[in-house]
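Scroll down for the structure; my scribbles are underneath it.
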Amino acid sequence: MTTRSEAGDATCPYLRTGRDPRSAAWRLESLTGREKEVLLLLGMGLGNRQLAQELGIAERTVKAHIASIVGKIGQETRTQAAIVSALAHDVLCSDPSCTRHPAKVSGRHRGHAAA
Ligand SMILES: [Zn+2]
């Protein structure tokens, strides 16, 4: 049996790095409806081509959206943005039938203050 010398590796990465991707969730409000849509799908792990197909837009447009999103939510890469998306799905998703919303008021749409 080996005694792992790097027992410190068990440290929770949230504690170790002092980062919490979900803390970017409040910035999501600055995104447009389309950007939220792109980000939601990005959080599903889709690549540019799949995103383009899913949204019926050009790959180039997808890239432009992602660049804008990454900047707006204060991240550096699309991967970081995807992680924020996955963790903050309940903030982004406005589908009333979504089952991933933690006990949100059902029935009415919230947060969509129109434009
Ligand atoms: Zn959802």
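The values are calculated or read from the model by the stated rules, or taken from the named source; none is laboratory data. None of these values were measured; they are calculated from a predicted model. All Cβ positions, glycine included, derive from the backbone under ideal geometry; neighbour counts span all protein chains shown.
Looking only at residues in region 80-92 that are crowded, with 19+ Cβ neighbours inside 10 Å and closer than 16 Å to Leu46 by Cβ, which one is nearest to the chain's Cα centre (by Cα)?
Going through the qualifying residues, I end up with Ser85.
Going through region 37-77 one residue at a time, which ones are among the polar types (S, T, N, Q) and within 13 Å of the chain's Cα centre (by Cα)?
Gln75, Thr77
For Ser23, are the conditions met, namely being of a type in the set (Gly, Ala, Ser), closer than 16 Å to Ala88 by Cα and in contact with a helix residue (DSSP H, G or I) (Cβ under 6 Å, 6 or more places away or on another chain)?
no
What residue, of Ser106, Ser94, Ser68, is polar (S, T, N, Q), at pLDDT 95 or above and out of contact with any Ser or Thr (no Cβ under 7 Å at 6 or more places or on another chain)?
After applying the criteria, what remains is Ser68.
Give the number of residues within region 32-76 that are more than 16 Å from the ligand (Cβ to nearest atom), among the small types (Gly, Ala, Ser) and outside any loop (DSSP other than H, G, I, E, B).
Here the count works out to 5.
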